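Below is one structure, written out as structure tokens, with a few remarks after it.
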Amino acid sequence: MNHDTCRLTVVTSSRYWLPAAALAAAGCALAPTTPMQRDRLARVEILAMLQTLNADLLSHDSATLTLERWCADHRLAEPVRILARRLHDGPKPAPGDVRARLGVDAAEPLGYRHVQLLCGEHVLSEADNWYVPGRLTGGMNRQLDTSDEPFGKVVKPLGFQRRTFSVELLWSPLPNGWEMSEPESGPRPLRIPNAVLRHEAVLYTSKQVPFSAVVETYTNNLFDFGRWSAYRQAEKP
């Protein structure tokens, strides 16, 4: 690869959230012709995509619509539509801090939904959602109880806002301190585990009334396109 090709790689990757210096560290300054250099570059590119998705989720109120755009941009399914597959594993007690964040006491009933969000056959995320039925309309509650429509689409008429209070990168393709160390003598197999990112958030109505607390875990199916599919770790049966 000559320097012109290397510059093209930087430009192509600039749509992702990534400092140019990281690309150079990945081996772009020196053409990534060895397995070690190609592995480092692939890890940086995966990290760029993961951080891009993270930033997109944080900058929009609807995770459902963000996933829908991701699915469309990366051609994961046709037609592009996010569906919520409900997991009927029984109600899950709300963690102690959920009621405090929702501003309800122990006597207030909470609804619960455990769903997988799918685009086509791809499970992109799994979510635990506790919500206050008394702050939704009767029609919304019926739809949540009887349909596979994503929560965000059902409550869209509330003009809700999302406040994320916890972000956890569950996996990083690059180890801590990678920028201060020499690359390894040989590449470790790059495998993207099933769970890569987790967000915890509260949804508020347009009148700033909290009505839903959600824990969302995003999966490696987000990268099931192009050459990146080969890096996904197989899900345990």
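Listed values, structure above:
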| read-out | value |
| --- | --- |
| Filter pass, Leu174 being of a type outside the set (Ser, Thr, Tyr), part of a loop (DSSP other than H, G, I, E, B) and either modelled with pLDDT of 95 or more or out of contact with any strand residue (DSSP E or B) (no Cβ under 6 Å at 6 or more places or on another chain) (or both) | yes |
| Selection count where residues are under 19 Å from Ala63 (Cα atoms) and part of a loop (DSSP other than H, G, I, E, B), scope the range 100-127 | 2 |
| Residue among Leu124, Leu102 that is in contact (Cβ under 8 Å) with a residue 60 or more places away in the chain, crowded, with 19+ Cβ neighbours inside 10 Å and over 16 Å from the mean Cα position of the chain (by Cα) | Leu102 |
| Test: residue in the range 145-159 that is surrounded by fewer than 20 Cβ atoms within 10 Å (Cβ to Cβ), in a loop (DSSP other than H, G, I, E, B) and charged (D, E, K, R) | yes |
| Scope the range 105-121; condition surrounded by fewer than 13 Cβ atoms within 10 Å (Cβ to Cβ) and either touching a residue at least 40 places away in the same chain (Cβ under 8 Å) or small (Gly, Ala, Ser) (or both); matching residues | Ala106, Ala107, Glu121 |
| Looking only at the range 201-237, and only at residues there that are among the hydroxyl-bearing types (Ser, Thr, Tyr), in contact with a Lys or Arg (Cβ under 9 Å, 6 or more places away or on another chain) and not in a strand (DSSP E or B), the one that is farthest from Val132 (Cα to Cα) | Tyr231 |
| Cβ pairs under 9 Å, 6+ apart, first in the range 148-159 and touching a residue at least 60 places away in the same chain (Cβ under 8 Å), second crowded, with 17+ Cβ neighbours inside 10 Å and basic (Lys, Arg) | Phe151/Arg113; Gly152/Arg162 |
| Test set (1) more than 25 Å from Arg191 (Cβ to Cβ); (2) of a type in the set (Ser, Thr, Tyr); (3) surrounded by 20 or more Cβ atoms within 10 Å (Cβ to Cβ) - Ser59 fails condition number | (3) |
| Top-ranked residue in the range 68-99 [being in a loop (DSSP other than H, G, I, E, B), in contact with a helix residue (DSSP H, G or I) (Cβ under 9 Å, 6 or more places away or on another chain) and hydrophobic (A, V, I, L, M, F, W, C); ranked as surrounded by the most Cβ atoms within 10 Å (Cβ to Cβ)] | Leu76 |
| Filtered residue count, the range 46-93, keeping only those that are among the charged types (D, E, K, R) and over 17 Å from the mean Cα position of the chain (by Cα) | 4 |
| Where Pro133 falls short, out of the listed (1) touching a Ser or Thr at 6+ places or on another chain (Cβ under 8 Å); (2) surrounded by fewer than 19 Cβ atoms within 10 Å (Cβ to Cβ) | (1) |
| One residue from Asp97, Asp128, Asp148 being of a type outside the set (A, V, I, L, M, F, W, C), at pLDDT below 95 and under 20 Å from Tyr218 (Cα atoms) | Asp148 |
| Criterion (of a type in the set (D, E, K, R) and touching a residue at least 40 places away in the same chain (Cβ under 8 Å)) met by exactly one of Arg142, Arg162 | Arg162 |
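Residues checked against (1) aliphatic (A, V, I, L, M); (2) over 23 Å from Gly90 (Cα atoms); (3) in contact with a strand residue (DSSP E or B) (Cβ under 9 Å, 6 or more places away or on another chain):
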{"residue": "Leu124", "(1), (2), (3)": "yes, no, yes"}
{"residue": "Leu136", "(1), (2), (3)": "yes, no, yes"}
{"residue": "Asn221", "(1), (2), (3)": "no, yes, yes"}
{"residue": "Ala230", "(1), (2), (3)": "yes, yes, no"}
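The values are calculated or read from the model by the stated rules, or taken from the named source; none is laboratory data. Nothing here was measured: the structure is a model prediction, and the numbers come from that model. Backbone-built Cβ (ideal geometry, glycine too); neighbour counts: all protein chains shown.
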